[in-house]
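Note sheet for the following structure.
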Amino acid sequence: MGVKHYIIRRLLLLIPIFFIVSLITFVVVRVVPADPLILWVGPHATAEQINRARIELGLDKPLYEQYYRYIVGIFHGNLGISFITHRPVSTDIMTFLPASLELVTTAMIIGLVVGLPLGVISAKRKDKIEDHSSRLMAIGGVSLPTFWIGMLLQLLFFKYIGILPVCGRLSWAVKVSYPITHITGFYLIDSLITGNWVAFQDAAAHTILPALTLALYPIGLVVRMTRTCMLEVLGEDYIRAARAYGIPEKVVTYTYALKNAITPSLTTLVLSFGYSLTGAFLVELIFNWPGLGWYASKATIGMDYTAIVGVTLLITLFYVLANLVVDVIQAYLDPRIVLK
Amino acid sequence: MLKCLKEKRIAQLKELQLALHLIKKGPLTLTGLIIMGLLILVAIFAPYIAPYPQDALGAASPENKFELPSREHLFGTDELGRDIFSRVLFGTRISFKIAIVVVLLALLIGLPLGVIGGFLGGKIDELIMRLTDIFLSFPSVLLALIICVILGPSIDNVMIAIAISWWPWYTRIAHAQAVSIRERPFIEAAKAVGISKTKIIFRHIMPNSLTPVLVQATMDLGSVLLTSSALSFLGLGAQPPQPEWGLMTYIGHGYLFTSWWCSTFPGLAIFVAALAFNLLGDGLRDVLDPRTRRLLR
């Protein structure tokens, strides 16, 4: 009962958030000097064309009425029409979202695969050189400007070593001769299940650099979290007991201790999902990755306000839901936490 | 009275010793401290150390553009022939200013709100905390981005934008502190003597809830620096010819494959400064975390 109540209350909090976010962005269109209509009709339009577009888009109505229409539209799944692409924002989002999700998910997996062992080693060799260096790596990971490290990786792996593509999601040649059937929108999965081996290799090569760049932050988080939790768990009585029974140290560490230390790492990882979606903005821009962040930054530069509001609302939704999922999971796993 | 003071002094000395011990134990914190000290020196003496101070202010000499790093130009020259090393040195000032002003602004909003809510309780508290929840539930980088778009690109606007998205964290911490202090006997006493609520909040509660908020603020300096340079990288912050690191990296990005040094060195500066802030913050957390302290006693 308590948990259900809590979830409902948190979901209700989404309503004021949505109102505030959409309101803020609605104010933008009135404050910025650039007229979005110019974008819509193009720079050489006549005054009459501009006026017609103004009426067509409902921009001649007072602001509160425009806002009302927008909100009503949202409940019908209509986020307005993008001023740049001239397509519904919801369609645009459905086109660009899978690319972002694929990138962020890959980064999360890298974060877990690299971060967990490093955290364990760090805890096992506390205050030794391994510990200090993995700690430095973790702090370094969260101190690196994503746009900068992305550039360095491009420089290294494209220009100097020349084994990985510089940007994009797929090579043109592959796109033309080995097109990927659209199933999930994740190129890696789609090409794999349709047995399109050439496209899979190409997609994987394109994913490595941006995913690695984006993974640095989660790696740092997971290392720190795993280290702290492992240190705590390794000091517990049952670990001492397991050792006293002569159970091999490897088994004690990875089976007995890690099992209990892994949850907080997983939760921080999920928590950073929302953060990484915004972090993906810069990575997508650098690697020309056709994802939500790429779309949003183009929209921001072009003052395409319907697209900005749409993307903002969506990312906020992801963020809030990720936070909620984490809180519920934590309460489920740790009975000491009371949700209220 | 005198004895009391003496005891207090001894306690303070012990604290200091413990802090020093912890810093010595972790070479990383010390590294952070040294880098930070150097950066502060650079920020103060930039006009005297920089070999070409006029380049930092925007003087262009296109005849020596895109020169490789050399003895004359340690970090090479950019697309207008300006000395990147000098510009990076001057950039330290901008970055430190942004980080410190943002954190102070956020403290100025967040701390009083948290303390007032925590002390008064009731409807006002509910209102403040719900507002905080709303702000915390959307990603701070995104919020700062939108505010920057509204306000227009400039360093001042970046600072305002980040501060607006940052204060709720401090409200939350200050609130928790104020709630626990509210019940302490000395507050009861102050109330009994008839001291006004305003005075209790600002003279008694606020100073006593300051420490954890300040610790968090120190640890946030690195993230603020990264956020602000990211906004400048997107073209929403500093404008040319300001020697801001994020902006320099962005402009240099256009020449990445022909002149790698244009973007590499300003980016490196961001990394080094953020690393120093974060190393210090991490060490500070260890010094103040009761769990690590207990291990040492």
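The values are calculated or read from the model by the stated rules, or taken from the named source; none is laboratory data. Nothing here was measured: the structure is a model prediction, and the numbers come from that model. All Cβ positions, even for glycine, are placed from backbone atoms using ideal geometry, and neighbour counts span all protein chains on display.
Couple of notes before you dig in:
- Count of the stretch A:165-191 residues which are among the basic types (K, R) and touching a helix residue (DSSP H, G or I) at 6+ places or on another chain (Cβ under 6 Å): 1
- Cβ-Cβ distances below 7 Å connect the following pairs, each with a first residue in the stretch A:199-228 that is more than 26 Å from A:E130 (Cβ to Cβ), a second residue that is at pLDDT below 90 and polar (S, T, N, Q), and a separation of six or more residues or different chains: A:A199/A:S191; A:F200/A:S191; A:D202/A:S171; A:A203/A:S191.
- Qualifying residue in the stretch A:230-243 (condition: in contact with a Leu (Cβ under 9 Å, 6 or more places away or on another chain), among the hydrophobic types (A, V, I, L, M, F, W, C), surrounded by fewer than 22 Cβ atoms within 10 Å (Cβ to Cβ) and at negative phi): yes
- Odd one out for B:L143, checked against (1) assigned to a helix (DSSP H, G or I); (2) in contact (Cβ under 8 Å) with a residue 40 or more places away in the chain: (2)
- The set of residues from the stretch B:55-98 being of a type outside the set (D, E, K, R), modelled with pLDDT under 85 and in a helix (DSSP H, G or I) comprises B:A56, B:P62, B:N64.
- Helices (runs of 4 or more DSSP H) lying entirely in the stretch A:35-146 (those with 1 or more residues that are aromatic (F, W, Y) and surrounded by fewer than 18 Cβ atoms within 10 Å (Cβ to Cβ)): A:63-75
- Residues of the stretch B:236-257 classified as within 10 Å of chain A (Cβ to nearest Cβ) and not in a helix (DSSP H, G or I), total: 3
- Residue within the stretch A:104-122 that is farther than 23 Å from A:I15 by Cα, over 25 Å from the mean Cα position of the chain (by Cα), within 14 Å of chain B (Cβ to nearest Cβ) and at pLDDT 80 or above present: yes
- Taking the criterion of being polar (S, T, N, Q) and more than 8 Å from every other protein chain (Cβ to nearest Cβ), the residues of the stretch B:258-280 that qualify are B:T258, B:S259.
- For the stretch B:217-235, a residue qualifies if it is under 10 Å from the mean Cα position of the chain (by Cα) and more than 10 Å from chain A (Cβ to nearest Cβ), and the qualifying residues are B:A217, B:T218, B:M219, B:D220, B:L221, B:V224.
- Residue in the stretch B:131-140 that is touching a residue at least 40 places away in the same chain (Cβ under 8 Å), assigned to a helix (DSSP H, G or I) and over 22 Å from B:H204 (Cα atoms) present: yes
- Taken together, A:Y275, A:Y319, A:Y238 contain a single residue that is farther than 23 Å from A:G220 by Cα and of a type outside the set (S, T, N, Q), which is A:Y238.
- Residue list for the stretch A:17-52, restricted to those being aliphatic (A, V, I, L, M) and modelled with pLDDT of 75 or more: A:I17, A:I20, A:L23, A:A47, A:I50
- In the stretch A:268-293, residue farthest from the other protein chains (Cβ to nearest Cβ) [restricted to those that are within 12 Å of the chain's Cα centre (by Cα) and farther than 30 Å from A:R227 by Cα]: A:G291
- Among residues of the stretch A:177-189 that are at positive phi, those with a beta-carbon under 8 Å from a residue that is acidic (D, E) and in a helix (DSSP H, G or I) at least six positions away or on a different chain give the pairs A:G185/A:E102.
Every residue, every condition in (1) in contact (Cβ under 8 Å) with a residue 60 or more places away in the chain; (2) of a type outside the set (D, E, K, R); (3) under 23 Å from A:K159 (Cα atoms); (4) crowded, with 24+ Cβ neighbours inside 10 Å, yes or no:
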site: B:S229; (1), (2), (3), (4): yes, yes, no, yes
site: B:S232; (1), (2), (3), (4): yes, yes, no, yes
site: B:W245; (1), (2), (3), (4): yes, yes, no, yes
site: B:I251; (1), (2), (3), (4): yes, yes, yes, no
site: B:W261; (1), (2), (3), (4): yes, yes, yes, no
site: B:P266; (1), (2), (3), (4): yes, yes, yes, yes
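- Looking across B:I160, B:I195, B:I128, B:I124, one residue alone is modelled with pLDDT of 85 or more and outside any helix (DSSP H, G or I). It is B:I195.
- The conditions of being more than 14 Å from chain A (Cβ to nearest Cβ) and within 19 Å of the chain's Cα centre (by Cα) are met by B:L111.
- Inside the stretch B:76-102, residues that are over 19 Å from B:I35 (Cα atoms) and among the hydrophobic types (A, V, I, L, M, F, W, C) make up a count of 4.
- Which listed residue, of B:R93, B:R82, B:R130, is surrounded by fewer than 21 Cβ atoms within 10 Å (Cβ to Cβ), closer than 26 Å to B:A43 by Cα and basic (K, R): B:R93
- Taking the criterion of being surrounded by fewer than 16 Cβ atoms within 10 Å (Cβ to Cβ) and in a loop (DSSP other than H, G, I, E, B), the residues of the stretch A:168-193 that qualify are A:G168, A:P179, A:T181, A:H182, A:I183, A:T184.
- A:D327 vs. criteria within 14 Å of another protein chain (Cβ to nearest Cβ), crowded, with 23+ Cβ neighbours inside 10 Å and either over 30 Å from A:I93 (Cβ atoms) or acidic (D, E) (or both): no
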